[in-house]
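Notes follow the structure.
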Amino acid sequence: MNKSLFTALISAACITLSTSALSAQSSSPFAIAIHGGAGTIEKSRFTPEQNQAYRAKLKEAVETGYKVLEQGGESLDAVTAAINVLENSPYFNAGRGAVYTYDGSHELDASIMDGRDRQAGAVAGVKHIENPINLARLVMEESVHVMLSGQGAEEFAKEQGVPLVENNLFDTENRYKALLKAKEKLDKAKATSKDYQAAHQALPVNYKMGTVGAVALDKNGNLAAGTSTGGMTAKRFGRIGDAPIIGAGTFAENESCAVSATGHGEYFIRYNVAADICARVKYQNKTIAQAGDEVINDVLKPIGGTGGVIIVDNKGNISLPFNTSGMYRASKSNTQATYVAIFDDE
Ligand code: ASP
């Protein structure tokens with residue numbers, strides 16, 4: 001074939017391909033949901049200013065992630081960007097604002113998962129990482145492992161050029177007051193010879209929780225999920241919750257759904273919550289609303305497993321079930337305006 005005719009044909013084919021790829025992208029669903037923790041969130045304890053400030057931060061986080069998706073970016077980037085906003089805010093139990101261990105320091109956990117191929121990365125018990133979700137992502141992308149903990153994770157961070165920060169960067173007065181109250185209750189229980197586990201179990205839920213997370217579907221049909229936390233107030237040092245455990249606190253696979261959890265981590269680990277929800281969608285053809293409701297309300301609630309999840313599926317549907325009196329949450333999709341809520345009646 002004449003060379004210039006060949007070149008013309010190839011470039012016409014390329015233009016047709018890229019316009020069809022573009023039009024597929026422009027008609028594809030995309031969606032994001034975020035949470036800032038579930039627990040006993042009492043309306044009466046909120047001043048109007050606090051109420052507004054929490055909602056504004058949730059809105060900022062969900063819209064930061066949404067913008068990434070709207071511009072054709074990847075769900076992994078949307079999840080990371082949204083979680084960074086929440087980690088950098090002192091209102092939530094992740095990064096700045098993380099809860100204290102019984103011993104008075106902060107130990108952070110985080111994980112991220114790519115729904116395309118089940119690649120995943122996690123860090124557990126890190127004390128000097130400003131944005132643990134970013135380090136979890138580096139573990140996924142730059143190491144051959146899925147989870148790194150403590151000192152090993154921080155050595156890896158240094159190698160990757162992530163600066164280590166002082167642990168007191170995460171200090172906040174409110175979380176410190178919560179620690180003092182929790183310790184008072186725990187120590188009283190110890191003095192009356194109840195075991196630590198039972199006493200910890202009996203702590204009011206709002207002393208303990210407030211993890212952050214995000215799930216997203218991008219225009220290319222790829223799902224991702226991420227979760228970041230300081231864990232639970234007055235936890236033993238070395239305790240690892242569900243947030244960095246793939247399948248428990250975080251799960252994503254393109255064929256079913258993406259889930260990020262918040263709640264009493266020990267239950268979420270034992271009941272493999274995030275993966276169980278996606279398995280019900282995949283093998284039982286349940287909707288995410290059915291699967292989420294079953295696991296949160298039928299499986300966890302009767303055994304005292306308090307908390308909630310955010311879920312998005314590969315069609316852009318969103319579900320945000322929880323069995324506590326509130327969950328900080330927000331969502332937005334190409335067909336749904338920004339939704340921000342805290343209490344269960346919203
Ligand atoms: N799930 C977290 C943990 O157990 C706590 C939370 O979600 O608030 O570490």
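The values are calculated or read from the model by the stated rules, or taken from the named source; none is laboratory data. Being a predicted model, the structure only gives us computed values, none of them experimental. Note that each Cβ is placed from the backbone with ideal geometry, even for glycine, and that neighbours are counted across all protein chains shown. The area values use the complete protein model at the heavy-atom level, side chains included, leaving out ligands, DNA and RNA. Shrake-Rupley method; radii C 1.70, N 1.55, O 1.52, S 1.80 Å.
Structural remarks
- Of LEU169, LEU76, the order by accessible heavy-atom surface (1.4 Å probe, DNA, RNA and ligands excluded), from most exposed downward, is LEU169, LEU76.
- Taking 0.692 mPa s as the viscosity and 37 °C as the temperature, the Stokes-Einstein diffusion coefficient of the stretch 60-168 based on its alpha-carbon Kirkwood radius rounds to 230 µm²/s.
- Taken along the Cα-to-beta-carbon direction at a fixed 7 Å, the label points for SER44 and LYS301 span 2.3 nm.
- Inter-centroid distance (Cα atoms) of the stretch 267-312 relative to the stretch 141-172, Å: 30
- Efficiency of FRET between ASP345 and GLU142 - r from beta-carbon atoms, R0 56 angstrom, step 0.05: 0.80
- Cα-based reach from LYS219 at 13 Å (exclusive), listing aspartates and glutamates while leaving out same-chain residues under 8 positions away: GLU70, GLU74, ASP77, ASP313
- Rolling a 1.4 Å probe across the protein heavy atoms gives the chain an accessible surface of 43 Å² per residue.
- The Rg/Rh ratio for the stretch 208-321 is 0.97, where Rg is the radius of gyration of the alpha carbons and Rh is the Kirkwood radius.
- Across the alpha-carbon atoms of the stretch 105-157, the computed radius of gyration and Dmax are 10.3, 36 angstrom.
- Length released on extending from ASN167 to PHE237, taking residue separation times 0.36 nm less the Cα-Cα span: 23.8 nm
- Taking all C-alpha pairs of the chain, those more than 28 Å from each other amount to 40 percent.
- Charged neighbours of GLU253, selected by a Cβ distance under 14 Å, balance to -1 (K, R count +1; D, E count -1).
- Partners of LYS183 within straight-line reach, counting aspartates and glutamates whose Cα lies under 19 Å from its Cα and excluding those fewer than 8 residues away in the same chain: ASP103, GLU107, ASP171, GLU173, ASP195.
- Carbon + sulfur, % of accessible area of the chain - ligands and nucleic acids excluded, 1.4 Å: 52
- Mean ellipticity per residue at 222 nm, deg cm²/dmol - from DSSP H runs of n ≥ 4 across the chain, formula -39500 (n - 2.57): -12000 deg cm²/dmol
- Across the cross-link table entries LYS67/LYS315; LYS190/LYS235; LYS43/LYS190, which are compared at the Cα atoms, the separations over 25 Å belong to LYS43/LYS190.
- Approximate shape of the stretch 24-99 as ellipsoid semi-axes (Cα gyration tensor, √5λ), whole Å, largest first: 28, 14, 10
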